[in-house]
Amino acid sequence: MRKLTYLIACSIDGFIGDADGDASFMYPFVVGDFAEYLKAEHPDTNPTQVRRLIGTDGLANKDYDTIIQGRASYDVALKEGITSPFAHLREYVASRTLKESPDPNVEIISDDLVGKVRELKAEDGGLGIYLCGGSAVAGALVDEIDELIIKTYPIVLGTGMPMFGSGFAVSEFTLDEVRSFDNGVLVRTYSRKR
């Protein structure tokens with residue numbers, strides 16, 4: 001069975017962006033040894049245009065061959081005129097409002113998101129599935145997430161978009177690894193406790 005990994009950047013207080021989902025204030029932290037870590041350990045999670053800039057575009061996918069993201073996350077690319085931001089992956093966008101895909105590489109999931117994810121996880125072979133966000137999609141899929149990789153940036157927002165936009169539910173994970181970086185970023189990896 002394929003693994004669903006939610007790899008997300010957040011503030012110390014658990015927000016992945018401001019109330020509208022903008023997380024651009026986190027970009028200055030992607031420098032130095034942390035940037036090298038992302039390039040080496042998580043190259044598949046970079047958008048295709050970033051892969052071209054940092055010289056990883058020609059590499060085979062390491063951990064993921066599929067991405068799931070919400071409409072708001074996808075809109076960040078669409079606003080820049082990019083219809084397939086992760087062209088090196090099979091792209092799925094969860095949206096109730098986007099009825100038609102603007103790109104043949106992007107499939108819209110308009111209903112039964114959990115069912116579609118279970119179908120993808122049950123596929124034979126292949127690499128893992130990268131859950132890019134956002135909050136509502138992560139909340140809807142919390143029971144399907146097998147691994148959490150949380151990049152915590154040394155900032156406090158006080159309010160904003162939480163990592164999981166869902167009702168109260170206890171989901172247990174086991175801490176597997178903690179890495180710290182010179183710029184104050186902390187990366188924690190958890191696996192689902194089953």
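The set of residues in region 1-30 being within 22 Å of residue 63 (Cα to Cα) and touching a residue at least 60 places away in the same chain (Cβ under 8 Å) consists of 1, 2, 3, 4, 5, 6, 7, 8, 9, 10. Once region 75-129 is narrowed to residues that are in contact (Cβ under 8 Å) with a residue 60 or more places away in the chain and in a loop (DSSP other than H, G, I, E, B), the residue that is farthest from residue 50 (Cα to Cα) is 122. Taking (1) farther than 20 Å from residue 123 by Cα; (2) touching a residue at least 60 places away in the same chain (Cβ under 8 Å); (3) in a loop (DSSP other than H, G, I, E, B) in turn, residue 61 satisfies each apart from (1). Return yes or no: is residue 22 farther than 30 Å from residue 122 by Cβ, within 15 Å of the chain's Cα centre (by Cα) and part of a loop (DSSP other than H, G, I, E, B)? So residue 22 passes the test. A single member of 6, 92 is modelled with pLDDT of 95 or more and closer than 22 Å to residue 185 by Cα, and it is 6. Across region 152-181, the number of residues qualifying as modelled with pLDDT under 95 and more than 25 Å from residue 22 (Cβ to Cβ) comes to 5.
Looking only at region 42-58, filter to residues that are of a type outside the set (S, T, N, Q), in contact (Cβ under 8 Å) with a residue 12 or more places away in the chain and not in a loop (DSSP other than H, G, I, E, B); which one of those is nearest to residue 134 (Cα to Cα)? Across region 42-58, the extreme among qualifying residues is 44. Considering region 51-66, the residues that are buried (at least 16 other Cβ atoms within 10 Å of the Cβ) and touching a Pro at 6+ places or on another chain (Cβ under 9 Å) include one that is nearest to residue 102 (Cα to Cα), namely 51. Here is a list: 110, 135, 95. Which entry is hydroxyl-bearing (Ser, Thr, Tyr), at negative phi and buried (at least 22 other Cβ atoms within 10 Å of the Cβ)? Only one candidate passes the filter, namely 135.
Report whether or not residue 149 is over 22 Å from residue 22 (Cβ atoms), assigned to a strand (DSSP E or B) and either in contact (Cβ under 8 Å) with a residue 60 or more places away in the chain or of a type in the set (Gly, Ala, Ser) (or both). Criteria not met by residue 149. Residues in region 167-189 that are buried (at least 16 other Cβ atoms within 10 Å of the Cβ) and either free of Cβ contacts under 8 Å to residues at least 12 places away in the same chain or assigned to a loop (DSSP other than H, G, I, E, B) (or both): 181, 185. Name every residue in region 96-132 that is touching a strand residue (DSSP E or B) at 6+ places or on another chain (Cβ under 9 Å) and hydrophobic (A, V, I, L, M, F, W, C), in order of residue number. Those that are touching a strand residue (DSSP E or B) at 6+ places or on another chain (Cβ under 9 Å) and hydrophobic (A, V, I, L, M, F, W, C): 98, 106, 108, 109, 113, 117, 120, 127, 129, 131, 132.
The values are calculated or read from the model by the stated rules, or taken from the named source; none is laboratory data. From a predicted model like this one, the values you see are computed outputs, not experimental measurements. Every residue, glycine as well, gets a Cβ built from its backbone with ideal geometry; the counts of neighbours run over all protein chains shown.
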